[in-house]
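Everything on this sheet refers to the single structure shown next.
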């Protein structure tokens, strides 16, 4: 029994027919892990944790207080000795 009923004028290829015959409950999955995306996200998270620990979260942010608003974003990251031991331990676990 053919489970695909083509109502269009397009002639289905064998691959299209096989794919449609999998049914509406078929969900394609991605079997590849984007390692570079994961590494980039981990690096950004690590830097964010270090900066949060180094500068703290005290005080209010005032965007009008900056003289040089159009500067390149900084890539500076605090070194191990500049952050607390607890933050360093959390970073090392990952």
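Here, each number is a calculation from the coordinates, and none is a lab measurement. These numbers come from a predicted model, not from an experiment. Please note: Cβ atoms are built from the backbone with ideal geometry, for glycine as well, and neighbour counts cover all protein chains shown.
Structure summary
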{"quantity": "Rounded, prolate or oblate (a/c below 1.5 giving rounded, otherwise prolate when a/b exceeds b/c) for the stretch 1-47 by Cα gyration tensor", "calculated": "prolate"}
{"quantity": "Ranking of 86, 25 by count of other Cβ atoms within 10 Å, fewest first", "calculated": "25, 86"}
